[in-house]
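Chemist: Below you'll find the structure I mean.
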Amino acid sequence: MFLYLFWAFFILLLAIALFLSWKIAQTDMRRRIIPDAYLFPLLIIGAIITTFFPWVCGIETAVTGMTFGYIMAATVGFIFDRFLSRRNPGADAPIGMGDIKMIAVGGLWMGPMGLATALVLACIFGGAWAYIKHQKFIPFAPFFVMGGILSLITSWFLL
């Protein structure tokens with residue numbers, strides 16, 4: 001009986017995480033913002049899953065992925081902000097704090113290797129979408145969510 005409750009709780013957490021990811025992608029596509037109201041519950045669910053249900057990676061690997069994702073995304077954002085502010089005063093930065101926090105949460109869920117896969121897939125999907133739609137602005141969250149889900153599925157099958 002306890003085992004069924006254990007797996008039911010795991011599936012419930014995954015369903016809530018999927019809903020939160022969908023809301024993040026939808027909000028970023030519509031309003032160009034990633035609300036913390038969706039990111040922080042996703043962070044907590046990721047911490048619970050990597051601690052009690054080491055599905056794709058354990059907590060040590062997850063914290064490493066989160067740290068790597070945050071530092072990498074913040075560095076990229078800082079570099080873009082420095083170069084854009086010098087060349088185009090008043091231009092929006094191409095990567096915002098919501099994107100940086102979302103990449104960190106993705107690192108918690110997938111670990112460093114899964115995060116790298118998700119980022120590559122997100123860039124491919126986002127670039128293809130921008131090319132087809134002739135867009136300069138690419139909302140990163142929908143493509144990162146797609147890349148993250150594909151990365152989790154492939155990691156699950158490969159492990």
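The values are calculated or read from the model by the stated rules, or taken from the named source; none is laboratory data. Fair warning: this is a prediction, and the values are worked out from it, not measured in the lab. We place every Cβ from the backbone using ideal geometry, glycine too, and count neighbours over all the protein chains shown.
Chemist: Out of (1) free of Cβ contacts under 8 Å to residues at least 24 places away in the same chain; (2) of a type in the set (Phe, Trp, Tyr); (3) under 16 Å from LEU39 (Cβ atoms), what's the single condition that is false for TYR131?
Modeler: Only one criterion in (1) free of Cβ contacts under 8 Å to residues at least 24 places away in the same chain; (2) of a type in the set (Phe, Trp, Tyr); (3) under 16 Å from LEU39 (Cβ atoms) is unmet by TYR131, namely (3).
Chemist: With the condition kept exactly as written, say whether any residue in segment 121-134 is at pLDDT 95 or above, under 12 Å from the mean Cα position of the chain (by Cα) and either closer than 25 Å to PRO41 by Cβ or surrounded by 24 or more Cβ atoms within 10 Å (Cβ to Cβ) (or both).
Modeler: Within segment 121-134, one or more residues are at pLDDT 95 or above, under 12 Å from the mean Cα position of the chain (by Cα) and either closer than 25 Å to PRO41 by Cβ or surrounded by 24 or more Cβ atoms within 10 Å (Cβ to Cβ) (or both).
Chemist: Just one of the numbered conditions (1) farther than 20 Å from PHE157 by Cα; (2) aliphatic (A, V, I, L, M); (3) in contact with a helix residue (DSSP H, G or I) (Cβ under 6 Å, 6 or more places away or on another chain) is not true of ILE59; which one?
Modeler: ILE59 satisfies every listed condition except (1).
Chemist: Out of segment 22-43, which residues are surrounded by 15 or more Cβ atoms within 10 Å (Cβ to Cβ) and outside any helix (DSSP H, G or I)?
Modeler: Result: ILE34, single match.
Chemist: Which pairs do you get when a residue that is touching a residue at least 40 places away in the same chain (Cβ under 8 Å) and more than 16 Å from TYR38 (Cα to Cα), found in segment 135-159, comes within reach of a residue that is among the polar types (S, T, N, Q) and part of a helix (DSSP H, G or I), reach meaning Cβ atoms under 7 angstrom, with the pair 6+ apart or on two chains?
Modeler: SER151/THR117
Chemist: Still on this structure, please answer the following. Hey, can you tell me all the residues within segment 135-148 that are surrounded by 15 or more Cβ atoms within 10 Å (Cβ to Cβ) and either more than 22 Å from VAL105 (Cβ to Cβ) or hydrophobic (A, V, I, L, M, F, W, C) (or both)?
Modeler: ILE138, PHE140, ALA141, PHE143, PHE144, VAL145, MET146
Chemist: Now a separate question. Please specify each residue of segment 44-70 satisfying the condition of being touching a residue at least 24 places away in the same chain (Cβ under 8 Å) and surrounded by fewer than 19 Cβ atoms within 10 Å (Cβ to Cβ).
Modeler: Those that are touching a residue at least 24 places away in the same chain (Cβ under 8 Å) and surrounded by fewer than 19 Cβ atoms within 10 Å (Cβ to Cβ): ALA47, ILE48, PHE53, TRP55, VAL63, THR64, THR67, PHE68, TYR70.
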